Amino acid sequence: MAILRNKLRPFSIACFVGLAGFVALAACLGYGQTKDTCLDCHSALPDPLGVSQEKFSQDIHAQMGLTCASCHGGDPTSDDPDKAMSRKAGWKGKIDRKRIPELCGSCHSDPAYIRRFNPSLRTDQLGQYHTSVHGKRLVAGDTKVAVCTDCHSVHDLRAPSDPRSTVNPVNVANTCARCHADASYMKEYSIPTDQFAKYSTSVHHQALTVRGDLSAPTCTTCHGNHGAAPPGVDRVENVCSNCHTFQAQMYEKSSHKEAFQSASLPGCVVCHSNHAIVHPTDAKLGAGPEGVCMRCHTPGDSCDQARVALLISLGRLDEAIKSADQVLHVAESSGMEVSEARLGQDQARDSLTKARVTIHSFRQDLVDQDIQAGLKIAAQNLRAGKAAMVERNHRRLGLGISLIAVGIVLAGLWLYIKKIES
Ligand code: HEC
Ligand code: HEC
Ligand code: HEC
Ligand code: HEC
Ligand code: HEC
Ligand code: HEC
Ligand code: HEC
Ligand code: HEC
Ligand code: HEC
């Protein structure tokens, strides 16, 4: 019996150790992960130490199963603050602003790690950030620039696609404005603080925020989210071509392109500005306050003459369309069938729109092609309208004559009746 017990002892010890190990492992894998003393304790603390359950449950990291300790380190199974927040357990303490990009990058620059959660998520944010003015200045010791959490927030950080995210396209401008529109925060820098105010007046802001057109740019569309410029663009000023491809193609053909480049002038921005871009009209070609050409060209020189000629061409087509419109309108409201010509007017208008795009070649011959095409269509439509009016006049004449004839017959009839009666 004793021998048997002695023989079994190592066995039972092994069993006990095995069981204990299993329990410990289970605690680590299962129970240990749900127990989060960091959150338990901190959700009861006042600001700035407090992080409420409610707030943290909104955070994409919490939703992916990450915990306080994933970023801050420490032992989330211990109720004893000295043990939970011990450096031995890897606790990092409050994260210094300067170290935030490296912290975020420790996961977000690791493709193997990120792929486990979301294979399509980019992993270049930290690398890109280092190329931006923000990133460069941070490395040089300026902690007032934006770090990851300034744009993304912290503890309730949401995916950009969430409309409540600070980096959702509709919220980005406000996020940047927190610093860039704050004159006292930015006073030690030499840059203006009017970008947000100006952008708020622009067609782009109007399209994006008021009309909900997500194809219009916000701050980060032009400036890049993380890098110095968006992907595929070497300099911010070249970003316009990404969307306004037709204007850009025409601009490529102009002598402005070369001339501006060699004078280090920022292309499209020279005539349209960067932040306060408004809807342009023909007045931009004029010599008035809205005009841009005479900032550089001298009255009477060949470029000024070209400017006047372009303006006259646009004016001619505009007038031609308007007079055809007028005649067609009268014809239609007097019941004539002119729907085909009315539809044709849209083609003429398209030619005018095209001419205003072709303006960017600043070449009369190219603009004239669109103008001539438009003039031809407008003239056709005008003829159709006029023909309809002639037809209407004929019909009216015919109607008048037949009315008179009927009147005469009626009068004769009346006289005849009178005569019989008497
Ligand atoms: C029993 C309560 C308690 C627990 C458990 C606890 N903390 Fe704290 N924590 C505090 C208190 C109180 C402070 C502020 C006093 C201090 O700095 O020690 C603090 C401070 C911090 C700070 C900020 C330090 C600073 O200087 O601003 C961080 C970050 C932090 N805790 C993270 C954690 C993490 C991560 C865990 C879990 C691994 C954790 N805490 C667990 C109570 C707790
Ligand atoms: C995704 C990473 C991440 C997670 C997860 C995270 N934190 Fe933080 N936490 C940070 C960063 C970064 C800062 C520094 C923010 C700053 O300075 O802008 C910070 C700051 C803090 C501070 C200091 C606040 C202050 O202003 O002094 C406390 C306390 C804190 N976190 C506690 C927690 C607790 C508790 C949890 C879990 C409920 C948690 N954190 C989860 C990244 C994280
Ligand atoms: C411990 C690793 C880890 C750390 C540290 C970390 N993250 Fe994350 N982050 C993740 C994971 C995992 C996801 C979920 C990816 C997914 O499913 O899209 C995520 C998601 C995100 C997303 C949403 C991406 C999307 O579009 O779905 C953003 C934005 C983000 N993190 C920013 C940050 C910032 C800013 C910091 C630093 C304060 C940070 N992360 C620190 C692991 C981490
Ligand atoms: C100047 C503001 C700003 C800073 C600083 C910033 N981000 Fe972002 N980040 C954005 C914007 C805006 C988006 C949203 C892009 C979009 O609309 O899809 C974004 C998107 C992301 C995404 C989602 C995937 C992607 O690349 O689109 C992750 C992850 C992310 N950022 C992590 C980081 C990390 C890590 C840092 C710090 C190294 C950081 N960000 C710094 C503004 C910023
Ligand atoms: C936490 C404050 C803060 C936030 C938020 C912030 N920035 Fe900045 N940014 C700065 C500071 C400070 C500078 C350095 C100023 C300088 O370059 O002289 C800077 C520099 C810049 C520059 C370079 C200016 C130049 O020509 O020198 C650009 C462009 C810029 N930020 C764009 C943005 C955009 C876009 C956003 C929003 C997505 C943003 N910033 C959010 C603080 C911030
Ligand atoms: C349509 C594109 C576009 C949009 C949208 C845009 N910017 Fe700019 N921004 C530019 C260009 C182009 C420049 C001038 C070139 C450069 O400095 O790199 C510039 C310059 C800047 C500068 C440098 C200082 C200055 O004013 O010249 C800052 C800072 C800046 N922008 C911030 C912002 C902020 C913040 C927003 C959003 C409120 C914004 N930008 C929206 C294109 C844009
Ligand atoms: C992300 C795409 C995008 C970028 C980049 C962009 N734009 Fe736009 N732009 C738009 C959209 C969308 C509209 C709105 C068109 C509308 O009103 O229907 C617009 C409108 C305009 C208009 C007014 C057009 C009109 O007929 O009223 C001008 C001018 C303009 N942009 C110039 C620029 C310049 C200059 C830049 C570069 C500094 C630029 N855009 C960068 C998308 C973009
Ligand atoms: C030398 C001045 C100048 C430059 C440079 C310039 N534009 Fe224009 N842009 C104009 C003028 C003038 C008009 C107005 C045409 C009209 O309505 O008569 C205009 C009109 C526009 C319009 C709205 C009308 C339309 O349908 O075409 C857009 C969009 C536009 N420009 C974008 C750009 C882009 C993108 C660039 C750079 C590739 C650029 N512009 C470069 C002078 C310029
Ligand atoms: C920032 C200064 C600047 C602005 C603004 C400007 N130009 Fe120019 N333009 C130049 C320069 C420089 C050249 C090339 C040198 C030259 O031919 O004079 C040029 C060339 C031209 C040419 C071509 C001359 C040729 O023989 O190829 C025409 C036409 C022209 N500009 C018309 C205009 C019109 C129209 C506007 C207004 C919408 C305008 N420019 C706005 C500076 C400018």
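The values are calculated or read from the model by the stated rules, or taken from the named source; none is laboratory data. A quick note: this is a predicted structure, and the numbers were derived from the prediction, not measured. Backbone-built Cβ (ideal geometry, glycine too); neighbour counts: all protein chains shown.
Numerical summary
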item	result
Output for segment 265-319, where each listed residue is closer than 26 Å to Cys243 by Cβ and out of contact with any helix residue (DSSP H, G or I) (no Cβ under 9 Å at 6 or more places or on another chain)	Thr281, Ala283
Segment 259-304, residues that are closer than 22 Å to Ala216 by Cβ and either exposed (fewer than 10 other Cβ atoms within 10 Å of the Cβ) or near ligand 9 (Cβ under 9 Å from one of its atoms) (or both)	Val270, Cys271, His279, Lys284
Scope segment 172-184; condition surrounded by 15 or more Cβ atoms within 10 Å (Cβ to Cβ) and under 14 Å from the mean Cα position of the chain (by Cα); matching residues	Val172, Ala173
Hey, Gly224 within 16 Å of ligand 3 (Cβ to nearest atom) and within 25 Å of Lys257 (Cβ to Cβ) or not	yes
Number of positions in segment 115-139 that are within 16 Å of ligand 6 (Cβ to nearest atom) and in a loop (DSSP other than H, G, I, E, B)	2
Test: Met250 is surrounded by 18 or more Cβ atoms within 10 Å (Cβ to Cβ) and away from ligand 4 (no atom under 16 Å from the Cβ)	yes
Considering residues of segment 43-70 that are without any contact (Cβ under 8 Å) to a residue 40 or more places away in the chain and surrounded by 18 or more Cβ atoms within 10 Å (Cβ to Cβ) only, the residue nearest to ligand 4 (Cβ to nearest atom)	Ala62
Filtered residues of segment 39-96 (kept if within 27 Å of Val145 (Cα to Cα), of a type outside the set (A, V, I, L, M, F, W, C) and not in a loop (DSSP other than H, G, I, E, B))	Lys55, His61, Ser70, His72
So Gly344, is it of a type outside the set (Phe, Trp, Tyr), part of a helix (DSSP H, G or I) and closer than 30 Å to His256 by Cα	no
Odd one out for Asp142, checked against (1) loosely packed, with under 14 Cβ neighbours inside 10 Å; (2) in a loop (DSSP other than H, G, I, E, B); (3) more than 10 Å from ligand 3 (Cβ to nearest atom)	(1)
Matching entry among Ala259, Ala283 (being away from ligand 7 (no atom under 15 Å from the Cβ), at pLDDT 95 or above and not in a loop (DSSP other than H, G, I, E, B))	Ala259
Which listed residue is away from ligand 8 (no atom under 16 Å from the Cβ), farther than 30 Å from Ser52 by Cα and part of a loop (DSSP other than H, G, I, E, B), from Ser165, Ser184	Ser184
Flag if Arg307 is within 30 Å of Ala263 (Cα to Cα), within 15 Å of ligand 8 (Cβ to nearest atom) and either at pLDDT 95 or above or surrounded by 13 or more Cβ atoms within 10 Å (Cβ to Cβ) (or both)	yes
Of residues in segment 221-256 being acidic (Asp, Glu) and part of a helix (DSSP H, G or I), the one nearest to Thr193 (Cα to Cα)	Glu237
Of all residues making up segment 109-144, the number that are more than 9 Å from ligand 4 (Cβ to nearest atom) and within 16 Å of Ile95 (Cβ to Cβ)	2
Members of segment 100-113 found to be more than 16 Å from ligand 5 (Cβ to nearest atom) and not aromatic (Phe, Trp, Tyr), listed by number	Glu102, Leu103, Gly105, Ser106, Cys107, His108, Ser109, Asp110, Pro111, Ala112
Answer residue from segment 37-75, given it is out of contact with any Cys (no Cβ under 9 Å at 6 or more places or on another chain) and at positive phi and is farthest from ligand 7 (Cβ to nearest atom) among those	Gly73
Lone qualifier among Thr166, Thr149, Thr131, Thr143 - being in contact with a Ser or Thr (Cβ under 6 Å, 6 or more places away or on another chain) and more than 16 Å from ligand 7 (Cβ to nearest atom)	Thr166
Members of segment 145-158 that are within 7 Å of ligand 4 (Cβ to nearest atom) and either in contact (Cβ under 8 Å) with a residue 24 or more places away in the chain or in a loop (DSSP other than H, G, I, E, B) (or both)	Ala146, Val147, Cys148, Asp150, Cys151
The listed residue being within 24 Å of Val51 (Cβ to Cβ), within 16 Å of ligand 1 (Cβ to nearest atom) and surrounded by 15 or more Cβ atoms within 10 Å (Cβ to Cβ), out of His155, His108	His155
